[in-house]
1. State whether the residues of the range 254-267 include one that is farther than 19 Å from residue 47 by Cβ, under 23 Å from the mean Cα position of the chain (by Cα) and within 12 Å of the ligand (Cβ to nearest atom).
2. Please verify whether residue 160 is assigned to a loop (DSSP other than H, G, I, E, B) and within 25 Å of the chain's Cα centre (by Cα), treating the condition exactly as stated.
3. Look through 239, 221 and report the one residue that is without any contact (Cβ under 8 Å) to a residue 24 or more places away in the chain, in a loop (DSSP other than H, G, I, E, B) and out of contact with any helix residue (DSSP H, G or I) (no Cβ under 6 Å at 6 or more places or on another chain).
4. Being open to solvent by 10 Å² or more (accessible area, probe 1.4 Å), over 10 Å from the mean Cα position of the chain (by Cα) and of a type outside the set (Phe, Trp, Tyr) narrows it down to one residue among 374, 381, 352; which is it?
5. Is it the case, given these coordinates, that residue 264 is crowded, with 23+ Cβ neighbours inside 10 Å and either among the acidic types (Asp, Glu) or part of a helix (DSSP H, G or I) (or both)?
6. I want to confirm something. Restricting to the range 315-336 and keeping residues that are away from the ligand (no atom under 15 Å from the Cβ) and part of a loop (DSSP other than H, G, I, E, B), which single residue is most open to solvent (accessible area, probe 1.4 Å)?
7. Consider the range 184-202. How many of its residues are closer than 22 Å to residue 336 by Cβ and either basic (Lys, Arg) or open to solvent by 10 Å² or more (accessible area, probe 1.4 Å) (or both)?
8. Regarding residue 41, is this residue modelled with pLDDT of 95 or more, within 14 Å of residue 194 (Cα to Cα) and among the aromatic types (Phe, Trp, Tyr)?
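The values are calculated or read from the model by the stated rules, or taken from the named source; none is laboratory data. Because the structure is a prediction, the values reported are computed rather than measured. Backbone-built Cβ (ideal geometry, glycine too); neighbour counts: all protein chains shown. All accessible areas refer to the heavy atoms of the entire protein, side chains included, with ligands and DNA or RNA removed. Shrake-Rupley method; radii C 1.70, N 1.55, O 1.52, S 1.80 Å.
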Amino acid sequence: MTGGVPSVADAVVIGAGAFGLSAAYFLAREGAGRVVVLDRYAPGSQTSPRAAGLFKLIQGDELRTRLAQLAIETVLGFSEETGVSLPVERSGSLLVARTEAHAAMIYREAEQSRCWGVELELIDAHEAQRLAPYLEPEGILAACSIPGDVYIEEPASLLTAYQQAARRHGVAIFGHTPVTGIRVRNGEVTGVTSPGGEIAAPVVVDAAGAWARQVGRLAGASVPVVPMRHQLYITQPIAGVEPSFPIVRLIDAAVYVRPARGGVMLGGFESDPLPLDPAGRGESFSMDDVPLDFTVLEQLTGLVDRNLPALRQAGVQEHRGGLFTMTADGLFLAGPVPGVRGLWTITGCNGSGFSFSPALGRVLAEWIVHGEPSVDIRRLSPERFTRHFSDEELVAAAVWQYTHYYAPPETGSDEE
Ligand SMILES: Cc1cc2nc3c(=O)[nH]c(=O)nc-3n(C[C@H](O)[C@H](O)[C@H](O)COP(=O)(O)OP(=O)(O)OC[C@H]3O[C@@H](n4cnc5c(N)ncnc54)[C@H](O)[C@@H]3O)c2cc1C
């Protein structure tokens, strides 16, 4: 041991957010040996605990659907598997269309998701209101009920659960220990440096969230993600709102709503989002420094409050935000980092890293330990980006992905 951190490990994970902690837990479970996690701040304190906590089975392709199914299976079975408590609300969800184009999109997505094994039902506006009594049916043209969707009321609880489960498997987790260097010899990772000391290790996982690109550069590697702000609020308690009400996603407004702390949580995707890279904002930048702007959420609320009138009267009990890591093609970035053997990454959340972390962490760990993932995620590997993006190109592509989160144009729903 040097300065508190061990001097040797079999794998070092950089970043103790949802991705890093999940990867660390599964690395240990899969038999990686001595696993160490280092975080520049308190473990589980940055973007992940600020998430909405939503899981979503309807996805744009079969791979992400399979991973979403695995993620929900994993969190539902987590307490039994690990002995660590993890409350999960099995609320189901409703996907709601208020335009003809979005109704057509729901029908298409429902058909393909059903083929990929997702249980769902197409319903009308009145059935939607019966299932979600906080929803007014006015103007709803079509809806899809997905009973298997879930949410985690307090996202911090997943991070605590990962840490407890990881520690039970012998993982050592160090907060306030930034990785300041990644040692590379002959194109191969040999370890990391930090103020807590050096750790020699043949495997290093970059799970540094909004800092992932910067951390990749420590090894001379490219991890092309763009941090982008995302916000939500939680109202004061509203009479009659039950935790079991389904999550509601209104596609045209790009807004999601769920029960939260007796009130309602609302978040959404503005059309003019804010890219914000911690690089260049100083060493002490943290998620507490992300500038929040409530007018964005007021505007999004104005798009949906005729269907959710309770939002109009209720005061706000929390307004929070953090940074997504967007990629140029909207897919996760998970796999070996080209050019540096032994360096892996798990990032590029594109707004869904909290909910996919149980699956991606597990599958990446299998890939690292056994040389083969049980779900073929090679498509998500960073090697798909063979060409260099300028910063401007990368940011433009990332903004495009953010603003098309619910309704990509190939669904024919981009006109409005
Ligand atoms: C408001 C909001 C709502 C969201 N809602 C959802 C949702 O409902 N469902 C969903 O799936 N996703 C949601 N997300 C996205 C989700 O939060 C992210 O995808 C996820 O948290 C990403 O996890 P992470 O581990 O990459 O990042 P983080 O949690 O930020 O973890 C990265 C860690 O790396 C550490 N680090 C950085 N640099 C270093 C270094 N040099 N050395 C050591 N450590 C370092 C950081 O300190 C940090 O703790 C939401 C996000 C926001 C902001």
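1. yes
2. no
3. Checking each option against the conditions leaves just 239.
4. Being open to solvent by 10 Å² or more (accessible area, probe 1.4 Å), over 10 Å from the mean Cα position of the chain (by Cα) and of a type outside the set (Phe, Trp, Tyr) holds for just one of 374, 381, 352, which is 374.
5. No, not satisfied.
6. Per the stated criteria, the residue is 329.
7. 9
8. Criteria met by residue 41.
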